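A quick write-up on the structure given underneath.
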2 protein chains.
Amino acid sequence: MSRQRYAVGIDFGTESARAVLVDCADGRELGTAVYRYRNGVIDERLPEPDADVLLEPDWALQDPEDYLRTFQEAVPSLLAETGADPADVIGLGIDFTSCTMLPTLADGTPLCLLDGLRREPHAWVKLWKHHAAQPEADRINAVAAERGESWLWRYGGRISSEWFFAKALQILDEAPEVYDRADRLIEAADWVVWQLTGSETRNTCTAGYKAMWSKRDGFPANEYFAALDPRFEHVVDEKMSRHVVPIGSRAGGLSGRAAGWTGLLPGTAVAVANVDAHVSVPAATVTEPGTMVAIMGTSICHMLLGDELATVDGMCGVVEDGIVPGLFGYEAGQSAVGDIFAWFAESAVPPEYHEAARRRGVGVLAVLEEEAARLRPGECGLLALDWWNGNRSVLVDADLRGLLVGMTLATRAPDVYRALIEATAFGTRVIVDAFESAGVPVAGIVACGGLPERNKLLMQIYADVTGREFAVAASTQTPALGGAMFGAVAAGAALGGYDSIVDASRRMAHLGHERYRPVGAHHAVYDELYREYVRLHDLFGRGGDDVMTKLKSIQRRAAGAVRSP
Amino acid sequence: MSRQRYAVGIDFGTESARAVLVDCADGRELGTAVYRYRNGVIDERLPEPDADVLLEPDWALQDPEDYLRTFQEAVPSLLAETGADPADVIGLGIDFTSCTMLPTLADGTPLCLLDGLRREPHAWVKLWKHHAAQPEADRINAVAAERGESWLWRYGGRISSEWFFAKALQILDEAPEVYDRADRLIEAADWVVWQLTGSETRNTCTAGYKAMWSKRDGFPANEYFAALDPRFEHVVDEKMSRHVVPIGSRAGGLSGRAAGWTGLLPGTAVAVANVDAHVSVPAATVTEPGTMVAIMGTSICHMLLGDELATVDGMCGVVEDGIVPGLFGYEAGQSAVGDIFAWFAESAVPPEYHEAARRRGVGVLAVLEEEAARLRPGECGLLALDWWNGNRSVLVDADLRGLLVGMTLATRAPDVYRALIEATAFGTRVIVDAFESAGVPVAGIVACGGLPERNKLLMQIYADVTGREFAVAASTQTPALGGAMFGAVAAGAALGGYDSIVDASRRMAHLGHERYRPVGAHHAVYDELYREYVRLHDLFGRGGDDVMTKLKSIQRRAAGAVRSP
């Protein structure tokens, strides 16, 4: 029997990080360890002893020491739990939420760890869902549109306030002394790899999807940055790097210090950083064009590979080498899916269903799913626009809001639940249609994330609505598995890993047995309803009727947020 | 001290009847007695011993003996409770739901009391909400439109399936032997007066609002009825009467038999029959043009008087002498108001509010009202179309359905509740605007019914939305009070009553002290929201976007009600 070869994947999430030990031969997951961040999401006040420093609305920070504690606690636990010999662990890969970024000194020390800056919120890590940089994003978009920047279309025509330069520019705008002090501005993903290896790298995935970098054109021109703010002109050369390393590369070997934290051996191969959604694609078995990966949870990310660069209506971004080297990686998204169901369960379901759930020891959505599953397509009599958190793809409009139509005095909660599921499925179909219209085919879909295992009705409805077969990734922790796969690639075949992520995916990634196939009669009814959905989608989403933005502005005025005109 | 003079009013409702004893001098209510119909609403099966006879969907029948039991039980209880001397009761008036109608023999015996017919559903009383005569209503409308019948516009261009000839025609269509056997087809309102007096009368209110009769043109021509069905040509002359008596008239004196039932004296004046909504107008102090009466409960009836005959968009009907003799009585309506709130409370409010209600011993809507009252106009961020039960005025379309727009992940039940209240207020404003556009002024509004006393937030929102002051009738049982007032008018001034309903209203009807006055700043915000409401109202209600009817037809097909095309 040949010697075991393992890889470790670490998925840095929003509230916690998860480390998994994987068999390089077949992707078998031998163990998992979770570290819940001590300081979690910092969105009201800084951690003790500086808890008197309050944050403004829309802020969301993290503590970089939570990432280091992940190495120090989760990885040793994982090794202890599995009994794996560190000598058998050939590689380590991480994935991260993104864009999560921080300012550091030249040696990588986060500014928030400096005595003089720890009470300065801008010195901390800005988490992906830090939404306070909207004015900067607006400026980034306005100046780009004005200058006709050629990269703008690669991002659906609009840069998000969540992305790198909006956050960097907010530091400059609001805390120029922090900006000055920052030798480096860096994605947390790259920062943790730096901490593991001792050398700073930048990866093609976060650079491409969140920092407007492309393999062919690099970053936007200095003139563009200067037009945003003269002090911002040299942000890339002063605080970032134009050396961007393709995903699938080896960032370096584990440093002695990091070996001490983790219990792994010094020199263990470490992969360049990657992003949770993107690393899930090969972990869901997809390394070629034609199959979409839908990462289905609170929101949905739609990931797709293409041979060519195409303009897709309202996508989040397209990056060459962004997901799999040698291919264009497309990302689109629905800003709320599971979040809508959670909202519904909490805010609009009457007691009888909660009582039934309690009696049976299941969640209220499970009870509703059972009742909703008894309805035939169209039988609920309702139609919704699934914009409770705006619309990312294809409309790229955060001001849009939800709509529900068709209620009668006989409408019950399972009817509404089914309509909400259907609406999110229609939203996915709009994205699939946008890709196909742009010449990027979507023949089938592989789902991963939390929703597919929780909600079989939802999966069948998605198949029926899109007219496409849905498979489900075998792993329930695809990001961590993907991280481990990239760790095995960083080690390379010579050490018992793989020379490419395609090879790794072929051996280490698997699909579950379940297939959700569209039922012809259901698809026909949903075709009818989809026509209604698309008409309302275009009416309310493309400016034909602006009731949603009007309601938002009237509401803001009423709440006292802005003065009456 | 002069001798007391009393009148009795009896309000025949859907589930029960209510008798009230009123002081003729000032309208003071001395006592109330309620009789809950033994057989209630008969909508699934006939009463015992014929409970094996099942009814089709949309049927709603009543038992005429429940009306007689009302006389036999409620009136004696009322006299006993109040200790009133029957000699002091000078008059009796009734009001009834309408159109509630039945087939009888020439002597008034209901066909359902005949041995050979008691198991025949068509022999029973058809309650106002019997909705199974839609095919007949469709025929009535189609033939009227085809022939250009001049009376059609007086009913908003459409006759309801609830009305007299639709129900009569359904008997002919489905049970011609019952139709043949019926010597008389009569409103239950007129039938109970017949039972009291021994002589058959027909009143201008039900004839005008429910049977297409007008003072100037009488009933539709025989040729029209023949065009519906040759056997229907002489329905008026064979089974009804062209002698229609103005409301406010004396139908006759109480018969000996009815005196025995009630404990009142034989010969006591009995008023001609009337309808619950219509009799409420003078009971809410309104006997002149300019003030609308809104009867606010599960639905809203909007009653208004005019000097002239005007064409008002989508009204339910306009009848000369229909409410107050000498004036044109206009009726419009919203098909669901309190019903929508009840639906919401039952179907879409999460447990926390129900628990708070239980803790505090109040209804869940009271808890929601308190929270919704803390929101400023527009602050909920939502807008609804209040069509959960279709739209009566001004769109006259039962197929329309509810719509709610503006939801975010932060939307909570009190936001939705407030939006639903606002939507019904916008619905009332559309009706007010329709009257004013037609030259029928609405300077102020008097509310009565169950909602005004239960929901002060709602009343203020209605004032803010319509920009009109709302007063509230002092009586909480305006229909029964109105019945008693008409009883006093039937007796006449010589006997201690009044010679006209105007005189009776001046003395016997009162307003409560509370006034709801529009707040300028609120009205301004609601003006903005109303523009949005009207635009969506016209878009979805006037054929611009037919998603609601499409959803209904897809739903019917899915439920197996009709076959796929």
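A compact table of results
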{"read-out": "Leading residue at positive end of dipole, the protein assembly as shown (Cβ point charges), from B:TRP194, A:HIS302, B:ALA294", "value": "B:TRP194"}
{"read-out": "Accessible area of B:ARG28 in the full protein assembly, 1.4 Å probe (Å², nearest 10)", "value": "120 Å²"}
{"read-out": "Average partner coverage of A:395-404, which counts Cβ from other chains inside 10 Å", "value": "3"}
{"read-out": "Other copies of B:GLU238: label-to-label distances in nm, shortest first, labels 7 Å along the beta-carbon direction", "value": "9.9"}
{"read-out": "Along principal axes, Cα extents of the range B:1-86, largest first, whole Å", "value": "60, 22, 14"}
{"read-out": "Candidate residues B:TYR417, A:TYR498: accessible-area rank, largest first, probe 1.4 Å", "value": "A:TYR498, B:TYR417"}
{"read-out": "Buried accessible area, chains B and A (both chains, 1.4 Å probe, Å² to nearest 100)", "value": "4400 Å²"}
{"read-out": "Tail beyond 48 Å, pair distance distribution of chain B (Cα, percent)", "value": "9 percent"}
{"read-out": "Electrostatic dipole magnitude of chain A [Cβ: Lys, Arg +1; Asp, Glu -1; Cα centre; debye, to 20]", "value": "740 debye"}
{"read-out": "Per-residue average of Cβ from other chains inside 10 Å of B:518-529", "value": "1"}
{"read-out": "Relative intensity, log₁₀ I(q)/I(0), of the range A:307-427 from a Debye sum that treats every alpha carbon as a point, q = 0.12 Å⁻¹", "value": "-0.56"}
{"read-out": "Charge context of A:ASP183, other residues only, Cβ under 13 angstrom, K/R +1, D/E -1", "value": "-2"}
{"read-out": "Whether the range A:135-202 is rounded, prolate or oblate, judged on the alpha carbon gyration tensor where a/c under 1.5 counts as rounded", "value": "oblate"}
{"read-out": "Ascending list, in nanometres, of distances separating the A:VAL53 label from those of the other copies (7 Å, Cα toward Cβ)", "value": "8.3"}
{"read-out": "Carbon/sulfur fraction of accessible area - the protein assembly as shown, other protein chains in place, 1.4 Å, %", "value": "48 percent"}
{"read-out": "Rg [Å, one decimal], Dmax [Å, integer] - the range A:61-171, C-alpha atoms", "value": "18.7, 59"}
{"read-out": "Shape metrics for the range A:163-315, restricted to C-alpha atoms - Rg then Dmax, Å", "value": "17.6, 48"}
{"read-out": "Rounded, prolate or oblate (a/c below 1.5 giving rounded, otherwise prolate when a/b exceeds b/c) for the range A:446-496 by Cα gyration tensor", "value": "prolate"}
{"read-out": "Pairs from B:LYS210/B:LYS239; A:LYS456/A:LYS552; B:LYS129/B:LYS239; A:LYS167/A:LYS550 whose Cα-Cα separation, in the structure shown, is over 25 Å", "value": "A:LYS456/A:LYS552; A:LYS167/A:LYS550"}
{"read-out": "A:VAL53 accessible area, 1.4 Å probe, all protein chains in place, Å² to nearest 10", "value": "20 Å²"}
{"read-out": "Isotropically averaged projected area of the protein assembly as shown, using the convex hull of Cα atoms (one quarter of hull area), nm²", "value": "50.1 nm²"}
{"read-out": "Copy-to-copy label separations for A:THR476, where each label sits 7 Å from Cα toward Cβ, in nm and ascending", "value": "5.6"}
{"read-out": "Modelled FRET efficiency - R0 30 Å, B:GLU469 with B:VAL362, Cβ distances, 0.05 increments", "value": "0.60"}
{"read-out": "Cβ-derived FRET efficiency at R0 22 Å, B:ASN222 paired with B:GLU56, nearest 0.05", "value": "0.10"}
{"read-out": "Shielding by partners, peptide A:378-389 (average Cβ within 10 angstrom, other chains)", "value": "5"}
{"read-out": "Accessible solvent surface per residue of the range A:336-423, calculated while the other protein chains remain in place, 1.4 angstrom probe, Å²", "value": "31 Å²"}
{"read-out": "Surface/4 estimate of mean projected area, convex hull on alpha-carbon atoms of the range B:301-345, nm²", "value": "3.5 nm²"}
{"read-out": "Cα-Cα P(r), the range B:429-565, percent of pairs per 5 Å interval", "value": "2, 8, 11, 12, 13, 12, 10, 10, 8, 6, 4, 2, 1, 0"}
{"read-out": "The range A:354-411, dipole about Cα centre (Lys/Arg Cβ +1, Asp/Glu Cβ -1), debye to the nearest 20", "value": "200 debye"}
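The values are calculated or read from the model by the stated rules, or taken from the named source; none is laboratory data. In this text, all values refer to a predicted model and were calculated from it rather than measured experimentally. Virtual Cβ from ideal backbone geometry, glycine too; neighbours counted across all protein chains shown. Keep in mind that these areas ignore ligands, DNA and RNA; they rest on the heavy atoms of the full protein, side chains included. Shrake-Rupley method; radii C 1.70, N 1.55, O 1.52, S 1.80 Å.
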